[in-house]
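Here the structure comes first, spelled out in structure tokens, and everything after it is commentary.
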Amino acid sequence: MKIAIVGAGAIGGLVGARLALAGEQVTFLVRGANLMAIRNKGIKLIEHDGTEKVAVNVTATDDYAEAGPQDVVILALKAHQVAAVADQLPLLFGPETSVVTMQNGIPYWYFHRHGGSLEGRVVHSVDPDGLLAARIAPERVIGCVVYPASELVAPGVVRHVEGERFPLGELDGSNSDRVQAISACFTRAGFKAPVLDHIRSEIWLKLWGNLSFNPISALSHATLEGICQYPLARGLAADMMREAEAVANQLGVTFRVTLDKRIAGAEKVGRHKTSMLMDIEAGRGPEIDALVGSVVELGRLTGTATPHIDAVYALVKMLERTMADERGQVRLQKMAA
């Protein structure tokens, strides 16, 4: 398959390297140091067991027209980064091109082929002006949930930490030829890519933890273990998760694990910084609207109260604004002994 990976960060790099090593025709759409590194040396993958592999049979470019139409486009950017490339994405589309969306949180296409009274509604917190839906027709989309953890350790070098699962699904739950082909492609690359008949339920399951632990960590600078072991923070996370579950239930989604089990899973990860905390420390804008603002919006749509989520969302948005105004980053500094 001809596969374009938009973004060669931690996840895009992992997926693209594995696919290229499995023999797929991979093009990375990247910029800056990553572009030069991949163009000159290929992309290096350090597997979780320490094995190093280099995929040299890849193309790297920042010119979408040069890349041209693809069989599959994998969007591996964070949700709030997609709008910046949306106008260029159609240059990668042919009549049958599929788009695999790997963003965390509620996606812009959530209500496409959803059914019911909210069918076709725009999720404004994720796609405020409808740009994403206009440039990436939901009919092209294959939903995907990202479970692996990896990190970009240097330009063109990705380290796989753990995890192999990338569940996939058509938005209407059908078992199409195209989703089966993409699943098979991922499987050949060493991933687990089951085709689900209700991809939205899987999106909510991952979001259930992200919408609470990410913003709490961004505000408190605590790790997952720290949040789960401090009663006040653990209680806040649980309150936010109960509110989110109520919203999901109103939309026909039920969770296959209990709240306590989901929190225990986060605690087991240990002294791990969430991606939102790492963004705050690096001075990058947090992925707050897709992870939290979208749940606030869906709460309003379904008439479901979300007071704890609302409060935490407001605080992180204020922090985001302050950082932007001051062009700053926020991190803890150890005091001199």
From the residues in the stretch 306-333 that are touching a residue at least 60 places away in the same chain (Cβ under 8 Å) and over 15 Å from Leu277 (Cβ atoms), which one is farthest from the chain's Cα centre (by Cα)?
Pro307
What are the pairs, 6+ residues apart or on separate chains, where a residue within the stretch 57-84 that is under 22 Å from Val157 (Cα atoms) and free of Cβ contacts under 8 Å to residues at least 24 places away in the same chain has its Cβ under 6 Å from a residue that is in a strand (DSSP E or B) and aliphatic (A, V, I, L, M)?
none
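Those residues that are loosely packed, with under 14 Cβ neighbours inside 10 Å and either under 19 Å from Glu164 (Cβ atoms) or assigned by TED's automatic domain parsing to the domain that holds Thr274 (or both), I need them from the stretch 48-81; list them, please.
Step one: filter the stretch 48-81 for residues loosely packed, with under 14 Cβ neighbours inside 10 Å, giving 49-52, 56-57, 63, 65-66.
If the condition is that a residue be loosely packed, with under 14 Cβ neighbours inside 10 Å and either under 19 Å from Glu164 (Cβ atoms) or assigned by TED's automatic domain parsing to the domain that holds Thr274 (or both), then Asp49, Gly50, Thr51, Glu52 are the ones that fit.
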Among the candidates Val253, Val247, residue that is part of a loop (DSSP other than H, G, I, E, B) and β-branched (Val, Ile, Thr)
Val253
Determine whether Ala237 is touching a residue at least 40 places away in the same chain (Cβ under 8 Å), outside the structural domain of Val26 (by TED's automatic domain parsing), more than 25 Å from Leu14 (Cα to Cα) and surrounded by 22 or more Cβ atoms within 10 Å (Cβ to Cβ).
no
How many residues, within the stretch 44-89, are within 21 Å of the chain's Cα centre (by Cα) and in a helix (DSSP H, G or I)?
8
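Please find, among Glu245, Glu281, Glu326, the residue that is out of contact with any helix residue (DSSP H, G or I) (no Cβ under 6 Å at 6 or more places or on another chain), of a type in the set (D, E, K, R) and buried (at least 18 other Cβ atoms within 10 Å of the Cβ).
Values: Glu281 fails: buried (at least 18 other Cβ atoms within 10 Å of the Cβ); Glu326 fails: buried (at least 18 other Cβ atoms within 10 Å of the Cβ).
Being out of contact with any helix residue (DSSP H, G or I) (no Cβ under 6 Å at 6 or more places or on another chain), of a type in the set (D, E, K, R) and buried (at least 18 other Cβ atoms within 10 Å of the Cβ) holds for just one of Glu245, Glu281, Glu326, which is Glu245.
The values are calculated or read from the model by the stated rules, or taken from the named source; none is laboratory data. Quick caveat: nothing in here was measured; it's all calculated off a predicted structure. Cβ atoms come from the backbone with ideal geometry, glycine included; neighbour counts cover every protein chain shown.
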